[in-house]
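Down below is the structure, laid out as C-alpha cells.
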Amino acid sequence: MKANIVLAAISYLLAGTAVAEDWPHYRGPDYNGIAPGSAVPQGKILGFELDWITTLGSGYSSISVVGDTGVTMFSDGTSNVLLAFDSSTGDERWHLDIGPLYKGHSGSRDGPTSTPTVHGGMVYALDPHGWLVAASLEDGERLWAHRLGQDVRARVPHYGFSTSPIVIGGKVVVMTGDQEERAFTAFEAKTGKLLWHAGADTTTYQSPIVWQRDGEERILALTDRFLMELDPGDGQVFWQQEHTIIDNESFTPPVLMGQD
C-alpha cells in the first residue's frame, strides 16, 4: 500500500505580506504546532492561491523550514531519502539516501515517519531502520551517522523508529526506548560522539521537546509510563510523573500551556 507525499505552497490572497518565521523541527519553533505571528486576520474573506506543487514518494514525515530551505523525508521505492528543497519554488536542492526502503506492514505504508530537525547549518534525520544521520544543510554532505538498535542500544518499535530529534545544548537527543536507563540517548551535535543514556522506561513513537524552566533549557518527554524532565547536560532525570497509555502504542508529545 503506497501513498505519495505531496509538497505544496499556498499564498494568502490578501493585501500585505506576512513574514514567515522558521519552522526548524517537528511541531514548530515552540513545539506546539503554532506559527508565531501568523494569526488569521479576523473579519476578512480569505482565499488561497497555489504557488507550486511537487510529488514525492511514500512516507509520513512532515516538513521543517529554515530560511528558504525546506527538508523532509520520503521513500523513492528503493531507499529512504532525505530531501532539501527551495521553499519558494519546490525545486530540489539536494537529496541523500539514508538507508534501504522501510517496507510498510501491518497496515502501514512504506517510508520514514520521523521529521528532520535543522539546527546550526546541519540537518538531523532518523529513518525507521534506526539510521540517525547528520548532514550539511548547504549541500547534503553526510557528516556522521549511527544505527540505533545496532551500534547504539535501543528498543525497535513495531513500526520502526519514529522519534524526531531535538538539538539542545550542543547535543542531539532521540528517544531510544530501552528501559535499562536508555529511554533517551544524546550525541554531540557536531561529531556524533555518544554522550549519555538516561531514563528507565520504554518508548514507542514519541518525540521529546525543549522547554525553559528557571531560565534554563530542559528536555521534556512522555515515555510509555512517565512524563519526564531531564537535564540535557548529563541526562539526569529531575522528576517523573506516572501516566497511563493504551496498548503500549504511545506517540503523544507534551504540550506547554504557559508554565504548565
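Quick notes
- Protection proxy ranking, peptides 89-101, 200-212, average beta carbon neighbours within 10 Å, highest first: 200-212, 89-101
- Taking Cα centre as origin and charging only the Cβ of basic (Lys, Arg, +1) and acidic (Asp, Glu, -1) residues, the dipole magnitude of the chain rounds to 400 debye.
- Spacing of the modelled spin labels on Glu217 and Asp22, each 7 Å from Cα toward Cβ, amounts to 1.1 nm.
- In order along the range 200-212, the phi-based Karplus estimate (6.51 cos²θ - 1.76 cosθ + 1.60, θ = phi - 60°) of 3J(HN,Hα) comes to 9, 6, 8, 9, 10, 10, 7, 10, x, 10, 9, 9, 9 Hz; Gly and Pro are listed as x.
- For the range 129-142, 3J(HN,Hα) per residue [Karplus equation, 6.51 cos²θ - 1.76 cosθ + 1.60, θ = phi - 60°, Hz, x = Gly/Pro]: 6, x, 6, 9, 10, 10, 9, 6, 5, 5, 9, x, 4, 6
- Centroid-to-centroid separation of the range 66-86 and the range 162-232 [C-alpha atoms, Å]: 24
- In the assembled protein chains, Glu141 presents an accessible area of approximately 100 Å² (probe radius 1.4 Å).
- Other-chain or far-sequence residues with amide H under 5 Å of Leu148's (modelled H): Trp131, Leu132
- Here the peptides 177-185, 111-119 are ranked by packing, the mean other Cβ count within 10 Å, and the order with the highest first is 111-119, 177-185.
- About the centre of its Cα atoms, the range 81-214 shows a dipole size close to 320 debye [charges on the beta carbon of Lys, Arg (+1) and Asp, Glu (-1) only; nearest 20 debye].
- Per-residue extension of 0.36 nm, minus the Cα-Cα distance of Thr89 and His105, leaves a gain of 2.4 nm for this segment.
- Amide H partners (placed H, <5 Å) of Val255, local residues excluded: none
- Extended-chain gain in nm, criterion 0.36 nm per residue less alpha-carbon gap, Arg142 and Glu180: 10.6 nm
- Where a label projected 7 Å from the Cα of Asp234 along Cα→Cβ would reach, residues of the range 179-203 with amide N under 20 Å: 180-189, 193-201
The values are calculated or read from the model by the stated rules, or taken from the named source; none is laboratory data. Fair warning: this is a prediction, and the values are worked out from it, not measured in the lab. Neighbour counts are summed over all protein chains in view; Cβ atoms, including those assigned to glycine, are modelled from backbone coordinates with ideal geometry. Protein only, heavy atoms only, side chains kept; ligands, DNA and RNA dropped before computing areas. Shrake-Rupley method; radii C 1.70, N 1.55, O 1.52, S 1.80 Å.
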